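Have a look at the structure below, then the notes.
The values are calculated or read from the model by the stated rules, or taken from the named source; none is laboratory data. Every value quoted in this text rests on a predicted model; they were computed, and no experiment measured them. Every residue, glycine as well, gets a Cβ built from its backbone with ideal geometry; the counts of neighbours run over all protein chains shown. The area values use the complete protein model at the heavy-atom level, side chains included, leaving out ligands, DNA and RNA. Shrake-Rupley method; radii C 1.70, N 1.55, O 1.52, S 1.80 Å.
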Amino acid sequence: MFLEKNRDRIEKDFEDFSRELPGKAEEIKKRMEALSPDIVIGMKYLYSNMPYSDVGNYTFDTYLDYVQQGIYLWENSPYVKNYPELYFLNYVLFHRTNDEEIKPCRTYFWEKIKDKVQGKTMVEAALEINHWCAGEVMYQGTDMRTGSALEIYRSGVGRCGEEAVFVVNVMRSAGIPARPVYVPRWSHCDDNHAWVELWCDGKWYFTGACEPLMILNKGWFTNASSRAMMVHSRLFDLFPAEGEDVIGKEGAAVMLNQTTRYARVKTVSVKVTDKEGAAVKGAQVQFLVLNMGEYFPIAKAETDEKGTVSLVTGLGSVRVLAFLPGMEGFAQADLDTRAQDEISLIL
């Protein structure tokens, strides 16, 4: 049965969605009346987990393309049976990867690449897809933030972020779980970078988007990422796959820490107290790196009952900032994770 393990959760989440947006929910339910039960459950999953801006900005028909291709892959792909339903939901069926525009594209890309991946293993198919993507889109600096995968394909150019969005959508159209990953800011030089992770045969691999090599887990950025303080990915489902390191939320997205796949890391802890030495619960703690003339946050967290937060991060220097929302005052200090694994801040 399509999405058997998650159907009950999806139905409950859609009930919650319907209470939050009753008018929109009624409109959606009317459109669902003529659709098959499998398409209905797929559409309910998307609507229950997408940002509210997606509910208002795009039509019901926009999302049909994603669900229809997802059902096709569920029934026909040799890969889908190899991974958990949550991977299928989050990294194949789901329409959004980051903050890109959304346009129907999955069935379109599948028609372009289906003959190229026929009979190939997941790794072979992923390499072939990235090779095809490299022939369609080349890197070009642009101020565009961030075009849809279809627009990137038609223009033939994009930044690393656009290239990653494009490659991820083509991977997902073939049933290969994929996601963009980001260094929010490099810690050894200015700027940032994005590339692609994909799940094959039991584990996550990475590759440069539209930068094909003969093997996975290799790219021009490999050495740079080994010195990263943070590599993260985004997830829009509130139930991330088991084993993921959740480091907070950014808007509608759950932020996942992927740094351990690339760099030597350490778990550091921060304790926040008031002037009397009492633990401060609910303080906002930001970890920042110096980049392009400013301190830029690479992770955000909130203190627990003991006034503490912890973070898995790379080896290097970060500035730690703490404040209590709605209150005046803050505290900050520099932390060298090569020599320290904890720090205390007094508001």
(request) Taking the dipole about the Cα centre of the chain, with the C-beta of Lys and Arg at +1 and of Asp and Glu at -1, give me whichever of 326, 130, 67 is farthest to the positive side. (result) 130
(request) Could you give the C-alpha radius of gyration of region 125-200 expressed as a fraction of 2.2 N^0.38 Å, taking N as the number of residues it contains? (result) 1.09
(request) Can you spot the lysines whose alpha carbon is less than 19 Å from residue 44's alpha carbon? Ignore those fewer than 8 places along the same chain. (result) 5, 12, 24, 29, 30, 103
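Students often check this: by mean Cβ neighbours within 10 Å, which of 308-317, 270-279 ranks highest, and how do the rest follow? It would help to have the intermediate numbers written out before the result.
Values: 308-317: 20.1, 270-279: 14.9.
Order by mean packing, descending: 308-317, 270-279.
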(request) Over the chain, average the accessible area per residue using a 1.4 Å probe and give it in Å², no decimals. (result) 46 Å²
(request) Over region 1-134, with every protein chain in place, what whole percent of the accessible area is carbon and sulfur at 1.4 Å, could you tell me? (result) 48 percent
(message) Quick check on region 1-144: take the gyration tensor over C-alpha atoms, sort the square-rooted eigenvalues as a ≥ b ≥ c, and tell me if it's rounded (a/c under 1.5), prolate or oblate.
(response) oblate
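With the contact rule set at Cα under 8 Å and sequence spacing of 6 or more, what percent relative contact order holds for region 219-347? Intermediate values should be presented prior to the final figure.
Details: 288 pairs, mean separation 32.8, N = 129.
That works out to 25 percent.
If you take every residue apart from residue 267 with its C-beta less than 13 Å away from the C-beta of residue 267, what net charge results, scoring Lys and Arg +1 and Asp and Glu -1?
Around residue 267, the surrounding residues sum to -1.
Using 0.36 nm times the number of residues separating residue 76 and residue 260, minus their current alpha carbon distance, what extension gain do you get?
Details: separation 184, 0.36 × 184 = 66.24 nm, distance 3.42 nm.
Extra length available between residue 76 and residue 260 comes to 62.8 nm.
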(request) Working from Cα positions, state the angle (0 to 90°, nearest 10) between the long axis of helix 106-117 and the longest principal axis of the chain. (result) 80 degrees
(request) Treating only the Cβ atoms of Lys and Arg (+1) and Asp and Glu (-1) as charged, compute the dipole magnitude of the chain about its Cα centre; round to the nearest 20 debye. (result) 520 debye
(message) Could you tell me how far the Cα centroid of region 47-87 sits from the Cα centroid of region 233-279, in Å?
(response) 27 Å
(request) Determine the relative contact order of region 156-262: mean sequence separation of Cα pairs under 8 Å and six or more apart, normalised by residue count, in whole percent. (result) 21 percent
(message) Would region 172-264 count as rounded, prolate or oblate if I go by the C-alpha gyration tensor, calling it rounded below 1.5 in a/c and otherwise prolate when a/b exceeds b/c, oblate otherwise?
(response) oblate
(message) If I model a spin label as a point 7 Å beyond the Cα along the Cα-Cβ vector, how far apart are those points for residue 120 and residue 245 in nm?
(response) 3.2 nm
(message) Per 0.36 nm of contour for each residue apart, how much would the distance between residue 334 and residue 85 grow if the chain were fully extended, relative to their Cα-Cα spacing?
(response) 85.4 nm
(message) Could you check the spin-label model distance between residue 26 and residue 274? Points 7 Å from the Cα along Cα→Cβ, value in nm.
(response) 4.9 nm
(request) Identify the residues of region 47-85 with backbone N under 13 Å of a label point that sits 7 angstrom from the Cα of residue 34 along the Cα-to-Cβ direction, or state none. (result) 61
(message) Modelling each spin label as a point 7 Å along the Cα-to-Cβ direction, I'd like the residue 281/residue 154 distance in nm, to one decimal.
(response) 5.3 nm
(request) Set the Förster radius R0 to 22 Å, insert the Cβ-Cβ distance between residue 131 and residue 222 as r into 1/(1 + (r/R0)^6), and round the FRET efficiency to 0.05. (result) 0.70
(message) Give the average over all directions of the projected area of the C-alpha convex hull of the chain, one decimal, in nm².
(response) 18.7 nm²
(request) State the Cα centre-to-centre distance between region 109-126 and region 162-205 in whole Å. (result) 18 Å
(message) Just want to confirm a number: the relative contact order over the chain, from Cα pairs under 8 angstrom separated by 6+ residues, in percent.
(response) 12 percent
(message) Need one number: % antiparallel among DSSP beta bridges in the chain, to the nearest 5.
(response) 85 percent
